[in-house]
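All remarks here apply to the structure that follows.
The values are calculated or read from the model by the stated rules, or taken from the named source; none is laboratory data. This is a predicted model, so every value here is computed, not measured. Methodologically, a virtual Cβ is constructed for each residue, glycine included, from the backbone with ideal geometry; neighbour enumeration extends over all protein chains shown. The accessibility values were calculated without ligands, DNA or RNA, using every heavy atom of the protein model including side chains. Shrake-Rupley method; radii C 1.70, N 1.55, O 1.52, S 1.80 Å.
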Amino acid sequence: MLSASTSLLPLTLVTLAGPIRGQEPVVPDGQPTPLGELVVTATRGPHELFDLVRSMSIASTEDLAERNMAVGLDALNETIGIFVEKRNGASSDPILRGFSGANILALIDGNSLTSLWGEGGYAGDDMYGKVDGESIERIEVVRGPSSVLYGSNALGGVVHFITRGAPDYTGGDFAASGRLKTSLWSASNGSLLRGDFGGADDVKRFRIGWSVRNLGDVRGGGELGILSPSGIDDSNFDWSSEVRLSDSDTLEVTAQLVNRNGLTKYYRPTQTNDNDRRAVAMKWRTTDAGGLGDELSWGLYLQDKEDHRFWLDQDKQGVASWQTLATDLQGIVAANDEHLVTWGVHLNRD
């Protein structure tokens, strides 16, 4: 694999340390902030990885940058307890403790990416390609049953994609920055062009990103050689923004648009697929929640996905579509310096 990356200007991105962008761990006065990775997926609240009793795996920002995979999920391929099945260069299907497909819940920024039956059948390989790997800040994985927190289709675990946030507030005048990245993959004769641009002042902040990718036929291991056909073209757009409504209230809006054309699979040489995903999320949060908690948030999420399949030898096509509408109300109570009490109500329709 050959890779090259060029930065036009330094781009500061917010790491999601909890259910709220930019939230810091609660520590006693006069003591330093504890080091270590913070995760939210295992408990729906920010906790250090070492303190969790659940089996967790993390793909950090550094892991994603070093691996530079065409599909972000592939950064977990060498992680203990996770096997990533590959059928072409643009699709991946995770297996957690023997479970896959609809038995694993996929989330993006806390919202459902999956439908109950997976994409195009029980397997979920087409689904994970509908998240641009260049838009991901980190991936959190709960290995093992998580139905108590996330519902009945989280039998094998949860894969949570957390997208890149907007730059930090400046506290003063408006400042902007950007990044331009190019990558080349020798295993699939693939190429990528990615751009990010963001800006912020003391009231608002935003980030806009776009990607254009072309993947040719991939090379299989051992004596398999070139797997033809197995290529794809895709383009992606993602947006993240936040506005301070007051000293205690903020409004966040995010969006993702994914378009994949001509997805081919070597084991189905007479078929091609076009995939589209459109998603918009809005979240309001306040630290002035009265008796409802120290923090209160309400979110709304809309998602639309389409899969167009073409049978080249029969001159026919079919369309499958999934729509998701979800709303979420969550409160967090800081019981003391080490424990959080989280309550919430979530309604979801696929």
Self-check item: Verdict on ILE80 being assigned to a loop (DSSP other than H, G, I, E, B), in contact with a strand residue (DSSP E or B) (Cβ under 8 Å, 6 or more places away or on another chain) and either at pLDDT 80 or above or under 30 Å from GLY231 (Cα atoms) (or both)
Solution: yes
Quiz item: Filter the range 248-285 for residues that are of a type in the set (Ser, Thr, Tyr) and out of contact with any Phe, Trp or Tyr (no Cβ under 9 Å at 6 or more places or on another chain); which is farthest from ASP217 (Cα to Cα)?
Solution: SER248
Exercise. Return yes when ASP304 is exposed (fewer than 15 other Cβ atoms within 10 Å of the Cβ), under 30 Å from PRO229 (Cβ atoms) and at pLDDT 90 or above and no when it is not.
Key: yes
Quiz item: If you go through the range 319-340 one residue at a time, do you hit one that is at pLDDT 90 or above, touching a Lys or Arg at 6+ places or on another chain (Cβ under 7 Å) and surrounded by fewer than 15 Cβ atoms within 10 Å (Cβ to Cβ)?
Solution: yes
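How about the range 158-257: which strands (runs of 3 or more DSSP E) wholly inside it have at least 3 residues that are touching a residue at least 60 places away in the same chain (Cβ under 8 Å) and among the polar types (S, T, N, Q)?
175-185, 232-244
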Quiz item: If you go through the range 260-279 one residue at a time, do you hit one that is among the hydroxyl-bearing types (Ser, Thr, Tyr) and within 20 Å of the chain's Cα centre (by Cα)?
Solution: no
Quiz item: With (1) farther than 23 Å from THR264 by Cβ; (2) open to solvent by less than 20 Å² (accessible area, probe 1.4 Å) as the list, and THR79 as the residue in question, which single condition is left unmet?
Solution: (2)
